[in-house]
Amino acid sequence: MDFWNILVLSLETAVGPIAAVYVLAAIGLNMHFGYTGLLNFGQVGFMLVGAYGVGIGVGTFGLSLWTAVLLSIACATVLALLLGIPTLRLRADYLAITTIAVAEAGRLIYRAEFARPLTGGVYGRQSLAEGFYAANPIPSGRYGLLGVDFTENQLWLMVVTWGLVALALALTASLMHSPWGRVIKGIREDEDAVRSLGKDVFVYKTQSLVLGGVLGGLGGAMLAINQQNITPDQFMPQVTFYLWAMLLLGGAARTFGAVLGPMVLWFLLTAFDETLRALVSADLLPFVDGSDIGALRHAFVGLALVLLIVYRPQGLIGDRKEMLVNVK
């Protein structure tokens, strides 16, 4: 079994564009839950409208890719307002129920036959990233990074996606060290106390929901660009729960927790997958079929997460006090 190849493939996944997409969405979820205490169980819904902002803008209306990305941001903003205005004055569980329901309803609407002229229905939209790669300034060739080789297009995608991550981290850090961030953290701890100081809690919650939703929408837009095609069934509810697992693994309410968690989880998933495939190919696991590998890798990673919850519930770099949120 070639452990070096397994390590290289795992590193490629951990630093690749898919990991960066999940990091962007996890930073948005961290804004919601980690800093504000909002229970958002529908972050995949923001990714859905972000991805289809690109898909519909480019594939249906023939807009430029950059205009379509702005459309993605606008769609995520509208969705956040539609979710937040009726629920953020109520208890946290109303937002949780609404977000998970709207995300799944959105997926079903986007795949419905009546939406096919706009969204492509179950077939989705294809050929979405020509404008992105046409703007690639990196010369043709292969480039090494952390022992992994990338083509010029892969490297360009990584530069842009991780660049967006860096901007999102800088924005989050600056906001959390500003008066706005202190109010947001106060809402997480005790919103009645914040309200007694004359702050409009509803407005601050809405701003946080919009900001985190836009980051999720950007993640969806970059996912569409990475794959160059999208279908509604890519945005199943379990994507949100992957994001929750990643955020809690890294550490909620920590700027880099939302970065570390997705990278570590993708590394573990790939490492377990490649190791199991190598063992099955070498006939060292005769009782395991190739079709069982996907389930087994999630079982192993799930066990690792259970151990983490038992021995370090605050996550890898989290603070236990930050997890004691009061989400009324």
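The values are calculated or read from the model by the stated rules, or taken from the named source; none is laboratory data. Only a predicted model underlies this, so the values are computations on that prediction, with no experimental measurement involved. Counting neighbours? That spans all protein chains shown, and the Cβs are built from the backbone with ideal geometry, glycine included. Side chains are part of the model used for accessible areas, which takes the heavy atoms of the whole protein and leaves out ligands, DNA and RNA. Shrake-Rupley method; radii C 1.70, N 1.55, O 1.52, S 1.80 Å.
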Hey, among 8, 44, which residue is in a helix (DSSP H, G or I) and modelled with pLDDT of 95 or more?
44
In region 64-93, which residues are open to solvent by 80 Å² or more (accessible area, probe 1.4 Å), touching a residue at least 40 places away in the same chain (Cβ under 8 Å) and part of a helix (DSSP H, G or I)?
66, 85
Exactly one of 104, 152 is in contact with a Ser or Thr (Cβ under 6 Å, 6 or more places away or on another chain) and not hydroxyl-bearing (Ser, Thr, Tyr), and that one is 152
Among the residues of region 122-158, the number that are under 12 Å from residue 16 (Cβ atoms), in a helix (DSSP H, G or I) and open to solvent by 60 Å² or more (accessible area, probe 1.4 Å) is 1
Taking residue 54 and the conditions (1) surrounded by 19 or more Cβ atoms within 10 Å (Cβ to Cβ); (2) part of a helix (DSSP H, G or I); (3) at pLDDT below 95, which numbered condition does it fall short on, given that it satisfies the others?
(3)
For region 300-316, the count of residues that are surrounded by fewer than 16 Cβ atoms within 10 Å (Cβ to Cβ), modelled with pLDDT of 85 or more and either of a type in the set (A, V, I, L, M) or part of a helix (DSSP H, G or I) (or both) equals 5
From the options 172, 231, residue that is under 29 Å from residue 66 (Cβ atoms) and open to solvent by less than 20 Å² (accessible area, probe 1.4 Å)
172
Of the numbered conditions (1) open to solvent by 20 Å² or more (accessible area, probe 1.4 Å); (2) modelled with pLDDT under 95; (3) more than 18 Å from residue 217 (Cβ to Cβ); (4) not aromatic (Phe, Trp, Tyr), residue 111 fails exactly one; give the number of that condition.
(2)
